[in-house]
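A.B. asks: Let me give you the structure first, and then I'll get to my questions.
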Amino acid sequence: MIKTKKEYSGISVSQGIALGKVFIFKNFSLDDLIFEEIKIENPHLELKKFKAALETCKSRILNLKDKVNKDLGEEKAQIFEAQSLILEDPLLVDEAERLIKEEKFSAVYALAKTLDNLKLEFSKLEDEYLKSRLKDIEDIVINLCILLLEEDNNYKDKEPDFPFILAAEEIYPSWTAKFDKNKILGFISQKGGYNSHSAILARSMGIPAIIGIEKIKGSFNSNDYIILDALQGKVFINPKDELINKYKEIQKREEYKKQARLNFADILTKTKDGARIYIYANIANLEDLKEAKKYGIDGIGLLRTEMMFLEKEHLPSEEEQFNWYQQIFKEAYPISVIIRALDLGADKNLSYLNLPKENNPALGERGIRLLLRKPEIFIPQLKAIFKASQSGNVKIMFPMVSFWEEILQIKKIIKNLKEELKHKKIFFKDIPLGIMLETPSSILLANHFAKEVDFFSIGSNDLAQYTLAVDRTNEKIDHLYQPLNPGVLFLIKTALKAAFKNKIEISLCGEMASELESLPILLGLGLRKLSVNPAKILEIKEAVFKINLKEAEILANKVLSRKS
Ligand code: PEP
Ligand code: MG
């Protein structure tokens, strides 16, 4: 419990103040797993867990084998047969069991130690084939460790029964399912970026959050009382009463400002010179929708469906999805909902899909790329949306589109799907189809793409990441993540021009739309439809009323002509 510091600073990714006890969520990285020597008290129980992990791992491999057999043939499926045999190999299994029983090591550490010894033995071998088998063993060990960890990581029942500030090395979007959201007062983490999906989530839930804290492990203890000042990016550990009282006052003032803004909920949003600006909301679930509706919105500009998938332990069936979508469409009606097809990949991963690891996931099989390769995910989602479309005013949009062929493929899939539904006499509405403009190529080709789709939505979060080649989830280069860089603004302007020329709707649903600093610049570039985090709707509405469009245009041109 040695503490050298009482104060830490980081990057504030969701503004606000929180005071309360901290709860540290230990999500070990694989390196920690492998090198951390953990002794256990009950080897019998540990062996049971180990055996259960072997079984689960085996059945996952055999499922994969069947699938590969069907898709790619028997020869390729043999790889998985060989992998499943490793799970019975005494060199691995017996040795790990021995270490658990005799040395009282945790199953994870026993596996890691066994793997280390095998590596040593294999390095003495001449046979290249045998050496290459080591990679397979390593792969299996990693999978087993992850399974064992998931088991240990079921913190649901360990979560405090009072409101707390969640601290972890890294916070993942899927954690919304792990904790009772109503109890989370704030987030602090070591890793992440301003536009990582967890940060976005924190902002949309209105939960203060700071990332880039130098070190979580060893700096905080669960139950430390902290002040999280996410207005200035500061964290104070076990502060004096004087400071606590000062922050309680600031908190009260912030709350008062929030209440005062409620006046903007019932009025149409216009600039100082009378131009109508449409304010939509970005939502991830029904609660967000209900929250956003309180502030008076013109529609839902982005329904991120991946959050529903992330909260489940299995791929939701068409029926489950139908129920979820229908509920949201009904609750939103008569306002429109732009629902986005599943956008997986990069920092949004579903463990139950067992997707292979990629070296460069942000440039990998993300969004539409994955959906087109996995019709077993794409088609049920589309069907569920079409079936539920009767209950509302719905539009669908597709993430990460970069190629013309992707649009043609999407349209063909939808045409077939509509024919099937008609044939089965299932009613549906004719849903407008749109794409996200979030890769530079999609904007450079927007003039062509506009002829094939009904609307565009600019995804400035990814657009900035891909234009500037700056990983949105990496806190080390967070200072380089600049959506207001003239390069990004030039692309936004190009997108707007393409949409206006082809007379299709265009909005912007990236985080920029929720930033006061970006607002006059975006309006000055010609944008009139913004999709905003629920927690920021009123602040943005209030700010629009203070903007004069002529001045905003001058400002936008000035920023566009800057070098950086
Ligand atoms: C974006 O990229 O701007 C966007 C809205 O999508 P997401 O943040 O979910 O990637
Ligand atoms: Mg995106």
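The values are calculated or read from the model by the stated rules, or taken from the named source; none is laboratory data. Treat the numbers as computed from the prediction; the structure is a model and nothing was measured. Quick reminder, even Gly has a Cβ in these numbers, built from the backbone with ideal geometry, and neighbours come from all protein chains shown.
A.B. asks: Is it the case, given these coordinates, that Glu539 is in a helix (DSSP H, G or I), of a type in the set (Asp, Glu) and more than 16 Å from ligand 2 (Cβ to nearest atom)? Show your work before the answer.
C.D. replies: Numbers: in a helix (DSSP H, G or I): yes; of a type in the set (Asp, Glu): yes; more than 16 Å from ligand 2 (Cβ to nearest atom): yes.
Yes; evaluated as a whole, the condition is true for this residue.
A.B. asks: Among the residues of the range 94-126 satisfying the criterion of being surrounded by fewer than 18 Cβ atoms within 10 Å (Cβ to Cβ) and not charged (D, E, K, R), which is modelled with the highest pLDDT?
C.D. replies: Asn117
A.B. asks: Then there's this: Just to be sure I understand, how many residues within the range 395-412 are away from ligand 2 (no atom under 16 Å from the Cβ) and in contact (Cβ under 8 Å) with a residue 40 or more places away in the chain?
C.D. replies: Qualifying residue count for the region: 6.
A.B. asks: Pairs only if they're at least six apart or on different chains, beta carbon under 9 angstrom, first in the range 345-371 and under 21 Å from Glu170 (Cβ atoms) and away from ligand 2 (no atom under 15 Å from the Cβ), second in a helix (DSSP H, G or I) and β-branched (Val, Ile, Thr); list them, first residue then second.
C.D. replies: Close Cβ pairs (under 9 Å, with a partner that is in a helix (DSSP H, G or I) and β-branched (Val, Ile, Thr)) amount to Ser351/Ile146; Leu353/Ile377.
A.B. asks: Does the range 99-114 hold any residues that are under 17 Å from Ile140 (Cα atoms), touching a residue at least 60 places away in the same chain (Cβ under 8 Å) and more than 32 Å from the chain's Cα centre (by Cα), and which are they?
C.D. replies: Within the range 99-114, just Ala110 meets the criteria.
A.B. asks: Could you list all residues from the range 426-474 that are more than 12 Å from ligand 1 (Cβ to nearest atom) and touching a Leu at 6+ places or on another chain (Cβ under 7 Å)?
C.D. replies: Phe428, Pro440, Ile443, Ala446, Val453, Asp454, Phe456, Leu468, Val470
A.B. asks: From Ala464, Ala446, grab the single residue that is of a type in the set (A, V, I, L, M) and either within 30 Å of Lys215 (Cβ to Cβ) or outside the structural domain of Trp404 (by TED's automatic domain parsing) (or both).
C.D. replies: When all the criteria are applied, what remains is Ala464.
A.B. asks: So, one more: Hey, among the residues in the range 386-416 that are in a helix (DSSP H, G or I) and hydroxyl-bearing (Ser, Thr, Tyr), which one's nearest to ligand 1 (Cβ to nearest atom)?
C.D. replies: Here the residue is Ser389.
A.B. asks: Sort out which residues of the range 542-564 are under 17 Å from Asp298 (Cα atoms) and touching a Lys or Arg at 6+ places or on another chain (Cβ under 8 Å), and write them in order of number.
C.D. replies: Within the range 542-564, the first condition is being under 17 Å from Asp298 (Cα atoms), and the residues that meet it are 542-545.
Result: Glu542, Val544, Phe545.
A.B. asks: Would you pick out the residues in the range 318-348 that are outside any loop (DSSP other than H, G, I, E, B) and within 16 Å of ligand 1 (Cβ to nearest atom)?
C.D. replies: Hits for the range 318-348 are Val337, Ile338, Ile339, Arg340, Gly345, Lys348.
A.B. asks: Which of the residues belonging to the range 206-221 are in contact with a helix residue (DSSP H, G or I) (Cβ under 7 Å, 6 or more places away or on another chain) and buried (at least 20 other Cβ atoms within 10 Å of the Cβ)?
C.D. replies: First pass over the range 206-221, keeping only residues in contact with a helix residue (DSSP H, G or I) (Cβ under 7 Å, 6 or more places away or on another chain): 206, 209, 211-212.
Scanning the range 206-221 gives Ala209, Ile211, Gly212.
A.B. asks: Scan the range 316-325 and give yes if some residue there is of a type in the set (Gly, Ala, Ser), out of contact with any strand residue (DSSP E or B) (no Cβ under 7 Å at 6 or more places or on another chain) and surrounded by 13 or more Cβ atoms within 10 Å (Cβ to Cβ), otherwise no. Lay out the reasoning, then the answer.
C.D. replies: Residues of the range 316-325 that are of a type in the set (Gly, Ala, Ser), as a first pass: 317.
Remaining after also requiring out of contact with any strand residue (DSSP E or B) (no Cβ under 7 Å at 6 or more places or on another chain): 317.
Remaining after also requiring surrounded by 13 or more Cβ atoms within 10 Å (Cβ to Cβ): none.
Within the range 316-325 (the criterion being of a type in the set (Gly, Ala, Ser), out of contact with any strand residue (DSSP E or B) (no Cβ under 7 Å at 6 or more places or on another chain) and surrounded by 13 or more Cβ atoms within 10 Å (Cβ to Cβ)), the answer is no, since none of the residues qualifies.
A.B. asks: Pick from Thr271, Thr305: which is more than 16 Å from ligand 1 (Cβ to nearest atom), among the hydroxyl-bearing types (Ser, Thr, Tyr), surrounded by 15 or more Cβ atoms within 10 Å (Cβ to Cβ) and in contact (Cβ under 8 Å) with a residue 40 or more places away in the chain?
C.D. replies: Answer to the check: Thr271.
A.B. asks: While we're here: Among (1) in contact with a Leu (Cβ under 9 Å, 6 or more places away or on another chain); (2) of a type in the set (A, V, I, L, M); (3) within 22 Å of Ile210 (Cα to Cα), there is one condition Ala543 misses while meeting the rest; what is its number?
C.D. replies: The number of the failed condition is (3).
A.B. asks: Of all residues in the range 514-555, which are within 18 Å of Thr494 (Cβ to Cβ) and of a type in the set (Gly, Ala, Ser)?
C.D. replies: Within the range 514-555, Ser518, Gly524, Gly526 meet the criteria.
A.B. asks: Hey, can you tell me all the residues within the range 455-475 that are part of a loop (DSSP other than H, G, I, E, B) and either more than 26 Å from the chain's Cα centre (by Cα) or closer than 16 Å to Asp343 by Cβ (or both)? Let's see the steps before the verdict.
C.D. replies: Within the range 455-475, the subset part of a loop (DSSP other than H, G, I, E, B) is 459, 469-474.
Those that are part of a loop (DSSP other than H, G, I, E, B) and either more than 26 Å from the chain's Cα centre (by Cα) or closer than 16 Å to Asp343 by Cβ (or both): Gly459, Arg472, Thr473.
A.B. asks: Among the residues of the range 417-433, how many are farther than 8 Å from Phe386 by Cβ, in contact with a Lys or Arg (Cβ under 9 Å, 6 or more places away or on another chain) and assigned to a helix (DSSP H, G or I)?
C.D. replies: The qualifying residues number 1.
A.B. asks: Sort out which residues of the range 1-45 are β-branched (Val, Ile, Thr), at pLDDT 85 or above and under 32 Å from the mean Cα position of the chain (by Cα), and write them in order of number.
C.D. replies: Once the filter is applied, which keeps residues that are β-branched (Val, Ile, Thr), at pLDDT 85 or above and under 32 Å from the mean Cα position of the chain (by Cα), the range 1-45 yields Ile11, Val13, Ile17, Val22, Ile24.
A.B. asks: Something else now. Between residues in the range 425-436 that are in the same structural domain as Lys415 (by TED's automatic domain parsing) and residues that are within 16 Å of ligand 1 (Cβ to nearest atom) and not in a strand (DSSP E or B), which pairs lie under 6 Å by C-beta distance while being six or more apart or on different chains?
C.D. replies: Ile435/Val401; Met436/Pro399; Met436/Gly459
A.B. asks: Suppose we keep only residues that are within 16 Å of ligand 2 (Cβ to nearest atom) and of a type outside the set (S, T, N, Q) within the range 418-439. Which one would you say is nearest to Thr467 (Cα to Cα)?
C.D. replies: If we take residues in the range 418-439 being within 16 Å of ligand 2 (Cβ to nearest atom) and of a type outside the set (S, T, N, Q), then Glu438 is nearest to Thr467 (Cα to Cα).
Let's see how each residue does on (1) under 27 Å from Asn502 (Cβ atoms); (2) polar (S, T, N, Q); (3) more than 16 Å from ligand 2 (Cβ to nearest atom):
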{"residue": "Ser441", "(1), (2), (3)": "yes, yes, no"}
{"residue": "His448", "(1), (2), (3)": "yes, no, yes"}
{"residue": "Asn461", "(1), (2), (3)": "yes, yes, no"}
{"residue": "Val470", "(1), (2), (3)": "no, no, no"}
{"residue": "Lys476", "(1), (2), (3)": "no, no, yes"}
{"residue": "His479", "(1), (2), (3)": "no, no, yes"}
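A.B. asks: What are the residues in the range 492-522 that are assigned to a helix (DSSP H, G or I), away from ligand 1 (no atom under 12 Å from the Cβ) and over 24 Å from Pro432 (Cα atoms), if any?
C.D. replies: Those that are assigned to a helix (DSSP H, G or I), away from ligand 1 (no atom under 12 Å from the Cβ) and over 24 Å from Pro432 (Cα atoms): Leu519, Pro520, Ile521, Leu522.
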